[in-house]
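The structure that follows is given in the form of structure tokens.
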Amino acid sequence: MSSTPRATAQELQLQQHLDFLCHRYPSIRRDQLSCELESVGGDLTKASEMLDHALQNPLDSSKIVWWWRFPVSEPTVWKPFGSRDNLLLESSWSRSGSGPRELVYVENDRSCVNLNTMKVSAVYWPEAEIREVCRGTWYFRSTSGTLVPFTQTDSDAIETAFLDRSRWNQPISLPDQTHQVTIKGLIAIEEGRLKGGKGGRQVVRGIPVSDLKDIPLPPSSDSKTPLPEVEHLIFVVHGIGANRDWETQRGARGDSMKILVNIVDGMRVLLNKAAETHFQRPFGAVEVLPINWHKAVHDENDDKINKITVSRGFQPLRQFANDAVVDVLYYMSPNQCQLLMDTVATSMNSMMSQFLALHPNFHGKVSVVGHSLGSIVSFDLLSHQNLSADKGIIGVDFPRLDMKFENLFLLGSPVGLFLSLRPSPNTEVQRLADTKLYNVFHPFDPVAYRIEPLLDDRWTKVEPCLVPCHSGGNRVHVKLREAVKTVQKFGQMFRAAGLGGQLKSFLGREVEQAPPPEEYQHAHADWVLNELTKEYTAKTNQELHRIDYQTQESVLENMNEVLCCITSHTCYWTSDDVAAFIVNRLYEAKLQ
């Protein structure tokens with residue numbers, strides 16, 4: 001007598017899942033639901049969720065994510081817009097229906113999306129690569145399991161075929177001419193390739209909730225919360241070798257504008273994070289816009305330089321010289337320096353005009369951050385704004401700027417070196433008038449120089465101010481070093497007062513011979529600083545304004561100064577300490 005084989009536990013569970021789906025979706029045949037369930041490996045939760053997405057017509061707009069990519073330089077990398085921009089784009093898309101679509105400003109008004117062409121362009125730097133946009137309705141699952149959106153044209157083609165059941169169960173070639181899809185059911189959809197390669201990847205409509213956690217949405221505030229008004233605008237002027245200088249910092253290659261925008265985006269995040277962290281009261285936002293002079297100068301000269309570059313020898317070093325070292329020579333040439341200054345000034349004036357058009361209620365402050373060679377460019381441009389028809393020390397007609405500047409931050413700056421070669425450094429610094437100057441540098445940065453000793457020789461006796469750690473105070477190894485200096489200072493004071501014998505009996509050893517009291521006074525940093533402070537206060541009726549600020553090296557950097565010299569010149573962009581310092585200077589007037 002034959003017996004019917006008993007169903008396995010897995011088969012029983014699959015039947016239970018199928019019964020549930022039949023009850024939930026009575027309009028869909030059981031055999032079709034069985035096919036749908038099989039396509040997701042029998043996962044009931046995923047099948048239910050994907051069927052809900054598939055049956056929506058149109059898709060729930062709250063579940064749609066908008067994406068962008070660089071179609072030329074990074075065609076395979078799609079990145080999502082933030083939650084606020086998603087809401088703006090989807091709302092505009094839904095309002096327009098089938099009619100002409102409007103322009104949508106995104107990324108805090110730094111970019112503009114044309115929904116008719118599905119392209120996004122930069123507002124302030126038109127030379128940047130145009131990005132492609134897609135409304136994420138259809139995705140394929142990559143080999144790593146993450147969802148990757150189809151292009152807008154491909155998504156539209158799949159959606160049209162999906163809604164026309166007569167086109168199911170047959171390969172559908174997509175407009176990109178490399179993909180095809182086969183729709184076997186509401187969620188049983190496979191993707192293949194027309195020109196070879198692996199196929200059979202799962203295609204899904206919309207993003208299941210289980211996959212949303214894997215979408216790398218950029219940090220942004222709640223989409224329903226109004227954006228804070230911009231209170232401080234910062235222009236960033238880059239240094240030598242915009243292509244080379246930052247490649248190791250960000251791992252990016254390509255045109256200087258793209259690299260510069262990436263760097264400034266990171267700096268903007270750090271500054272606003274520092275503002276939120278360090279201040280209890282809600283202040284306005286900090287906007288940061290990059291100024292690119294590299295492209296204008298190199299577009300005019302690179303062909304000539306490449307023609308005369310020797311083909312033998314270590315080419316990476318020659319290329320580095322052409323990209324970076326030659327920038328200094330350009331600045332020393334009056335013609336090229338004039339082009340550089342005109343480019344920077346024109347960019348600043350143009351961006352300021354566009355910024356005010358987008359932010360008509362802006363009444364905040366404007367500052368400049370200059371890095372490396374960009375710091376001397378910024379210094380010379382700002383210090384010559386109060387002079388009329390003066391070519392200055394470098395033989396350049398300095399263009400007029402349409403705004404006043406509250407602060408000038410120099411990062412890793414050779415300004416001190418350039419000023420030391422000029423006849424009157426003090427006068428040049430005084431030309432900045434009401435613009436406050438801050439010279440911030442890493443102690444191991446080989447390109448950075450101090451400025452204060454050029455203004456008064458006595459500043460050589462006084463060390464630069466320490467930039468506090470972003471979490472407050474000094475790092476442990478810096479505290480220990482300062483403690484040792486304090487002990488040595490008191491030792492000198494004891495000797496100067498004739499108490500060396502008592503100190504020797506206390507310490508058990510001889511203390512270094514100190515100068516006589518009067519000589520000691522004039523050599524001691526505290527005494528010198530006190531004298532300089534009194535003179536400055538008597539002359540200006542204000543507190544002493546320090547210019548030189550030195551960042552604190554990390555423990556690892558302190559252990560290997562030589563290795564640190566390689567990276568110290570570009571460390572400022574990702575430094576929480578520098579970001580906190582700049583933010584404190586921006587908001588210090590409100591804290592008083």
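Can you find a residue that is within 19 Å of the chain's Cα centre (by Cα) and under 30 Å from LEU233 (Cβ atoms) anywhere in region 132-149?
No, region 132-149 has no match at all.
Next question, about the same structure. Return the residues of region 119-161 that are among the polar types (S, T, N, Q) and out of contact with any Cys (no Cβ under 8 Å at 6 or more places or on another chain); say none if nothing qualifies.
THR137, SER142, THR143, SER144, THR146, THR153, THR160 - these are the residues of region 119-161 that are among the polar types (S, T, N, Q) and out of contact with any Cys (no Cβ under 8 Å at 6 or more places or on another chain).
Still on this model: Here's a check for you: in region 430-457, which residue that is part of a loop (DSSP other than H, G, I, E, B) and among the acidic types (Asp, Glu) is least open to solvent (accessible area, probe 1.4 Å)?
If we take residues in region 430-457 being part of a loop (DSSP other than H, G, I, E, B) and among the acidic types (Asp, Glu), then ASP445 is least open to solvent (accessible area, probe 1.4 Å).
Exactly one condition in (1) within 27 Å of VAL236 (Cβ to Cβ); (2) in contact with a helix residue (DSSP H, G or I) (Cβ under 8 Å, 6 or more places away or on another chain); (3) free of Cβ contacts under 8 Å to residues at least 60 places away in the same chain; (4) of a type outside the set (Ser, Thr, Tyr) is not met by GLU127; state its number.
Just one mismatch for GLU127, condition (3).
When residues of region 406-423 are filtered for being within 30 Å of the chain's Cα centre (by Cα) and open to solvent by 20 Å² or more (accessible area, probe 1.4 Å), how many remain?
3
Determine, yes or no, whether ASN426 is in a helix (DSSP H, G or I), touching a residue at least 24 places away in the same chain (Cβ under 8 Å) and loosely packed, with under 15 Cβ neighbours inside 10 Å.
Here the answer is yes, as ASN426 does meet what is asked.
Here's a follow-up. Has region 458-466 got at least one residue that is under 32 Å from the mean Cα position of the chain (by Cα) and in a loop (DSSP other than H, G, I, E, B)?
The answer is yes, given that some residue of region 458-466 is under 32 Å from the mean Cα position of the chain (by Cα) and in a loop (DSSP other than H, G, I, E, B).
Find the residue count for region 543-563, including only residues that are at pLDDT below 90, crowded, with 18+ Cβ neighbours inside 10 Å and either in contact with a Ser or Thr (Cβ under 8 Å, 6 or more places away or on another chain) or among the acidic types (Asp, Glu) (or both).
Of the residues in that region, 2 qualify.
Follow-up. Do you know which of the residues in region 22-72 that are over 40 Å from the mean Cα position of the chain (by Cα) and acidic (Asp, Glu) is modelled with the lowest pLDDT?
Among those that are over 40 Å from the mean Cα position of the chain (by Cα) and acidic (Asp, Glu), it is GLU36.
Residues to consider are VAL104, VAL113, VAL65, VAL133; find the one that is open to solvent by less than 20 Å² (accessible area, probe 1.4 Å), touching a residue at least 12 places away in the same chain (Cβ under 8 Å) and touching a Gly at 6+ places or on another chain (Cβ under 6 Å).
Only one candidate passes the filter, namely VAL65.
The values are calculated or read from the model by the stated rules, or taken from the named source; none is laboratory data. Remember, it's a predicted structure, so these values are computed and weren't measured experimentally. Backbone-built Cβ (ideal geometry, glycine too); neighbour counts: all protein chains shown. For accessibility, only protein heavy atoms count, side chains too; no ligands or nucleic acids. Shrake-Rupley method; radii C 1.70, N 1.55, O 1.52, S 1.80 Å.
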